[in-house]
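For reference, the structure discussed in these notes is given below.
The values are calculated or read from the model by the stated rules, or taken from the named source; none is laboratory data. These numbers come from a predicted model, not from an experiment. Virtual Cβ from ideal backbone geometry, glycine too; neighbours counted across all protein chains shown.
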Amino acid sequence: MKRPRLTWFALILACFYSHQLSSAAVPVAADSVTGLYIPGWAHNTASSTKYFNTSAVNLTGVSHMYYAFLWIRPNYTVYDPFGNLHLLKGLKSQWPATAFLLSIGGGGFSTALWSAAASTGRAVFVESAVAAMRAAGADGIDRECPPRGPVPWAWRLGSTGRVWGRG
């Protein structure tokens, strides 16, 4: 019976030492992206069961942080359904070298609404997204729409608010 205990001890010890090794600084290419999503559905109050303590976040080595998520209304404007964008604003002031991006959509977001925003409502959507980016003091926008089949459009907003590949 002592053998399983020894095995568990060895496994725990290996995990401890591998964590120490993996937490050491590793050189990263200058053009690489190390991103971190900050959940918008978290609440920044200790009394909440969804408490997200942003003061405990260490962004050393993180090049981009993403606020997850802004959503699209039926009129193609974007909004923060959780009202917690201040979480990322606070982190931006603490970590100014990290790029701050607004992520629109999410894995469970409506593909039909994305398609409509990319075609019929494109001008309203892009104008609204750029306005949200500027109002939040963000450096850019990330569209988080996992494709389900062919996606007939592609665009990206960068830190200048410029739109690429809209056509």
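Going residue by residue through segment 107-124, is there one that turns out to be hydrophobic (A, V, I, L, M, F, W, C), touching a strand residue (DSSP E or B) at 6+ places or on another chain (Cβ under 6 Å) and under 24 Å from Val33 (Cβ atoms)? Steps first, answer last, please.
Pass one, segment 107-124, residues hydrophobic (A, V, I, L, M, F, W, C): 109, 112-114, 116-118, 123-124.
This time we only want the ones that are touching a strand residue (DSSP E or B) at 6+ places or on another chain (Cβ under 6 Å), so: 113, 117.
Among the residues that remain, those that are also under 24 Å from Val33 (Cβ atoms) are: none.
Scanning segment 107-124 turns up no residue that is hydrophobic (A, V, I, L, M, F, W, C), touching a strand residue (DSSP E or B) at 6+ places or on another chain (Cβ under 6 Å) and under 24 Å from Val33 (Cβ atoms).
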Report, by residue number, each residue of segment 32-91 that is at pLDDT below 85, β-branched (Val, Ile, Thr) and either outside any loop (DSSP other than H, G, I, E, B) or closer than 26 Å to Ala131 by Cβ (or both). Val33, Ile38, Thr54
Which condition does Gly165 not pass, out of (1) modelled with pLDDT under 80; (2) under 22 Å from Pro39 (Cβ atoms); (3) in contact with a strand residue (DSSP E or B) (Cβ under 7 Å, 6 or more places away or on another chain), if it passes all the others? (2)
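Identify all residues within segment 81-105 that are surrounded by fewer than 17 Cβ atoms within 10 Å (Cβ to Cβ) and within 17 Å of Phe125 (Cα to Cα); write none if there are none. Walk me through how you get there before you give the answer.
Start the filter on segment 81-105 by keeping residues that are surrounded by fewer than 17 Cβ atoms within 10 Å (Cβ to Cβ), which leaves 81, 83, 86, 89-90, 93-97.
Within segment 81-105, just Pro81 meets the criteria.
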